[in-house]
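Engineer: I'd like to ask some things about the structure below.
The values are calculated or read from the model by the stated rules, or taken from the named source; none is laboratory data. Computed from a prediction, not measured in an experiment: that's the story for all the values here. Reconstructed Cβ throughout: ideal geometry from the backbone, glycine too, with neighbour counts over all protein chains shown. Areas reflect the complete protein model, heavy atoms only, side chains present, ligands, DNA and RNA absent. Shrake-Rupley method; radii C 1.70, N 1.55, O 1.52, S 1.80 Å.
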Amino acid sequence: MKDNLYRLFMEMNIGDVLKDEDLKNHTTFKIGGPCDLMLLPKSYENVRDIVKYLRDEDIPFMVLGNGSNLLVKDSGLRKVVIKIADNLSNIRLDGNKIVAQAGAQLTTTSKFAIENSLEGMEFSSGIPGNIGGAITMNAGAYGGEMKDIVSSVKVIDINNEIRDFSCEQMHFGYRKSRVQEEGLIVLEAIFELNHGNYEEIYAKYKDFHDRRNSKQPLDYPSAGSVFKRPEGYYAGKLIEDSGLRGYRYKNAMVSEKHCGFIVTDGESSYEEVSKVIEHVKEVVYEKFGVKLETEIKIIGD
């Protein structure tokens with residue numbers, strides 16, 4: 001099946017096709033075994049044609065962006081992975097709006113806004129991941145979220161049609177959106193911003209950037225904040241107050257710098273990170289009666 005699919009997609013000319021590609025090369029944790037096939041489409045029509053074929057043939061697949069919110073098992077995935085990253089990462093200006101393809105980095109898009117003296121996107125300047133993932137999760141920081149700046153989103157729906165949804169139609173909530181509800185695939189987002197003073201916008205961006213650098217372990221492989229914020233609490237504070245700062249299992253550990261992060265030395269395994277996650281959950285529940293939920297997505301066979 002895998003070899004047949006490889007030949008088929010090569011003949012379809014839908015972009016690069018990789019066989020048995022290690023997902024550790026495509027996640028910020030640097031963890032994950034091989035997928036059966038990885039496809040890197042170069043147009044929206046490529047994505048639509050791939051998705052339609054896989055759905056019609058009932059072949060399991062997943063869409064991957066920057067891999068910044070994923071923990072992949074060492075056994076990998078018996079699926080087709082559609083990677084939307086550098087292959088679909090164009091950013092352009094349209095008046096006071098920025099049109100960004102799903103594969104564009106969120107930080108790159110934010111800097112593009114600043115360079116064009118557009119304000120409103122500064123909060124996102126250090127959030128890892130790409131536009132597709134940010135829309136999917138309604139990414140946010142420092143009091144701002146995607147829903148505050150999105151004008152519209154272009155997606156592939158469950159019927160394999162390319163459609164545009166307004167911000168209101170995206171059903172944005174805390175770390176969720178219509179993308180998850182309906183299995184949509186993000187192709188592009190339009191952000192509506194305000195013209196402002198470059199120096200003031202840059203100063204705000206730099207403040208957020210410096211705060212993030214001073215508080216987060218950006219020098220080590222991680223997947224960002226591992227746990228969702230429990231109602232009435234902060235996950236990092238609960239973990240710290242549980243005495244878990246620096247807790248280590250082999251090559252994975254709770255960050256000394258920010259207890260909401262789990263970091264590795266770049267040579268860790270799924271088992272090591274998952275052991276740390278489970279230990280943190282158990283200890284926090286024992287001490288505070290709070291059940292932590294993971295914000296990162298754990299996948300694999």
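Engineer: Considering region 9-27 alone, what residues qualify as being in contact (Cβ under 8 Å) with a residue 12 or more places away in the chain and within 18 Å of Arg48 (Cβ to Cβ)?
Structural biologist: Phe9, Met12, Ile14, Gly15, Asp16, Val17
Engineer: When the residues of region 159-197 are filtered to those that are part of a helix (DSSP H, G or I) and of a type in the set (Asp, Glu), which remaining residue is most open to solvent (accessible area, probe 1.4 Å)?
Structural biologist: Only one residue tops the list, namely Glu168.
Engineer: Tell me the residue from Val81, Val99 that is open to solvent by less than 40 Å² (accessible area, probe 1.4 Å) and over 22 Å from Tyr205 (Cβ atoms), please.
Structural biologist: Exactly one residue qualifies, and that residue is Val81.
Engineer: If I filter region 264-279 down to residues being open to solvent by 10 Å² or more (accessible area, probe 1.4 Å), within 20 Å of the chain's Cα centre (by Cα) and not polar (S, T, N, Q), which single residue comes out as modelled with the highest pLDDT?
Structural biologist: Tyr270
Engineer: Among the listed residues Ser166, Ser152, Ser89, Ser177, which satisfies the condition of being modelled with pLDDT of 95 or more and touching a Cys at 6+ places or on another chain (Cβ under 9 Å)?
Structural biologist: The unique qualifying residue is Ser152.
Engineer: Further, regarding this structure: What number of residues in region 58-75 are part of a loop (DSSP other than H, G, I, E, B) and either of a type in the set (S, T, N, Q) or surrounded by fewer than 22 Cβ atoms within 10 Å (Cβ to Cβ) (or both)?
Structural biologist: Final tally of qualifying residues: 9.
Engineer: When you look at Leu93, is it open to solvent by less than 10 Å² (accessible area, probe 1.4 Å), of a type outside the set (S, T, N, Q) and farther than 21 Å from Gln169 by Cα, yes or no?
Structural biologist: no
Engineer: Determine which member of the set Glu231, Glu272 is over 25 Å from Val81 (Cβ atoms) and either touching a strand residue (DSSP E or B) at 6+ places or on another chain (Cβ under 9 Å) or part of a loop (DSSP other than H, G, I, E, B) (or both).
Structural biologist: Unique residue meeting the criteria: Glu231.
Engineer: Run Lys215 past the list (1) closer than 30 Å to Pro60 by Cβ; (2) in contact (Cβ under 8 Å) with a residue 40 or more places away in the chain; (3) surrounded by fewer than 16 Cβ atoms within 10 Å (Cβ to Cβ) and report the number of the one that doesn't hold.
Structural biologist: Every listed condition holds for Lys215 apart from (1).
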